[in-house]
Amino acid sequence: MQRARLLPGDARGVQLADRPVEDDERGLDDGALLQQEVHQAPVPQAHGAQAARELPEPSHGSQPLLRQHDGPEDGLDAQERERVPVRDMLVHGHGRDPEPFSQRPHGELPQSLVADERDSGLHHEVPRETWRTPARAPGTGRLGAHALNHTRLGTWRTAGVTLKGVAGFAASQPSRPAQTHGATMSTSTGADFDLTSESFFANPFPTFERLRTQAPVYFFEPYQSFIITRGADIEVVTKNPRFSSQRATEMFAGMGLLGEDAASKEMLANWSRLTFFQDAPRHTLLRQLIMKGFTPAALERFRPRLAALVERALVKGRSQGEMDVVADFAEPIAINAIAELFALPEADRSRFVRWAKDLLKPAGAGVNTDDARNSLRQTSHEMFAYLRDIVEKRRAAPGDDLISQLIAGEDGNPQLAGEAVIQSFQMIGAGFVTSTNQLTNTVLALLKHPEALSALRADRGLVRGAIEESLRHEPAVLSINRLCKEDTELSGTLIPKGRFVYAMVASANRDPSMFPDPDRFDITRTSNRQMTFGVGAHYCPGASLVRLEVEEALRALLEFPRWEFVDRPYNYQGSNFQDRGPSSLHVRFPRS
């Protein structure tokens, strides 16, 4: 038996054990530290009442495809982040939590702890005698502090989170009893929690509250996957390499999209190269290529053009005093913004709307028929063929658009050959739906909270606070999914190798251990580290663009003295574990 002294860090890192830990650091209000034993032993079997039933073979069912959650931490472009040592990102909370760490002195890490500065994290020796971990009573303080040692065996206990793994444990036996370690196994046939109905997507938060309390790591049998709802656990899933983004083949298998025909092979070959299906070091290389077009300076230069696009989208609202926020306003802004950045011909933009919607349909209902599968393959083929053609034209006559920048980035680097086409597909397809939903959700949130809308009218300086609170309270994204690569015990529940996990970031946004009074919509909230755009290395590259679009849209809409619901129902038809937003939202703008 060996002992490891683990200190609170985040789910990918470590911190100095000899540095005093202040009571409020990472929300540990009692400041208690506890040495935690690490047992060099297999995961113990559950006994008696805790013995779990046999889990069926992994079968991933309906899996989201397009996803926008890729990129560096918020506030750092790819090149800047590459220059920041991993220890600084973790000790200072770079990107996710700049306060209070950035204001606190810290010592130098021992030389043996200097990590490889790739976003794969801790590929280094961690002396077991140097680390310790916090302990606190359940329900106290804020979760989100994790120190995870990537040794091949052991248990990591953090503030309310236990991550346990045994490398290669029964790796050839994907179907076996799930096990527990001092906790009740959270499994179900799917009858206990409604996770697929329209009423759930309209208001998933009561269900998330029950899950956080009763089954925070929950096996959802209809999807043959685990649902993760606590913020602290979600940080582990999104940052620890045991939960991998390399999942395209497994996802396609679960959807019945694998095949020996040319169309199936082509689709898998293309999609497998998308950035959000990559782990480091490949992910790092692609992230550097993508982020060149999303720097703060580049987006600020785009602001005047975006403002003009917003005004164009408001024509119907101004002339008729009423509009569908989705079809008349949010969708035109979203598609035209991304199309302008990529210099896509205006005549072709409606095709991209159709393609993006078609590619995202399987995320909710699944691909259950041959016709649906063939349609998905055909849409993917058409969009890739179009982009190959436009990339070749842009290669011959480059401009200052994002496609030209991707071409320039791939030239001279054989590892990046063909990526201009692949990554354009990802950014155009994923960016459209996320932007549309978040813009709509923000308008809806303000309509539901007229006191906040009044405060915003009185003080336009609250616009950015309103955007962040809408991202937290009414996010366009419900979850991020990962594939479990090794048997891993998370907060008392074993997640077998080969299972998908859905990290419900929308639930983390309402976790009371992360946000005070989380169900209150408060545009003056000062600490708002919402997870809507992801956490860690796969932070959404288009996050700043979405924020900019919503900001310009709100500034234009606030010129109307009143907003009112039109007496037409809005619904969440088409929402899914990945994307959430009304399919329509009719709003009236009375003149007086």
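Remarks
- With every protein chain in place, segment 216-370: carbon and sulfur % of accessible area (1.4 Å): 54 percent
- One quarter of the surface of the convex hull around the alpha-carbon atoms of segment 365-436 equals 6.3 nm², the direction-averaged projected area.
- Selection from N437, G409, S424 lying farthest towards where the dipole of segment 380-461 points positive, charges on Cβ: N437
- Overall Cα dimensions of segment 454-519, principal axis frame, Å, largest first: 54, 20, 13
- Once the Cα-Cα distance is subtracted from the 0.36 nm per residue extended length, the R301 to R318 segment shows a gain of 3.4 nm.
- The convex hull built on the alpha-carbon positions of segment 209-269 has an orientation-averaged projected area of 5.4 nm².
- Rounded accessible area per residue of segment 480-592, 1.4 Å, Å²: 30 Å²
- Dipole of segment 457-592, positive end: most advanced residue of L494, F515, A543 [Cβ charges, Cα centre]: A543
- Rounded FRET efficiency, nearest 0.05, which uses the C-beta distance separating R351 from L558 and R0 of 30 Å: 0.35
- Gain in span if fully extended, E382 to V463, counting 0.36 nm per residue against the direct Cα distance: 25.2 nm
- Accessible carbon and sulfur surface of segment 405-531 relative to its total accessible area, %, 1.4 Å: 53 percent
- Residues whose amide H comes within less than 5 Å of that of K497, counting only those at least five positions distant or on another chain, are D487, T488 (H built at 1.01 Å from N in the peptide plane).
- One quarter of the surface of the convex hull around the alpha-carbon atoms of segment 507-577 equals 7.4 nm², the direction-averaged projected area.
The values are calculated or read from the model by the stated rules, or taken from the named source; none is laboratory data. Predicted, not measured: the structure shown is a model, and the values here were computed from it. All Cβ positions, glycine included, derive from the backbone under ideal geometry; neighbour counts span all protein chains shown. Surface accessibility is based on the protein's heavy atoms, side chains included, excluding ligands, DNA and RNA. Shrake-Rupley method; radii C 1.70, N 1.55, O 1.52, S 1.80 Å.
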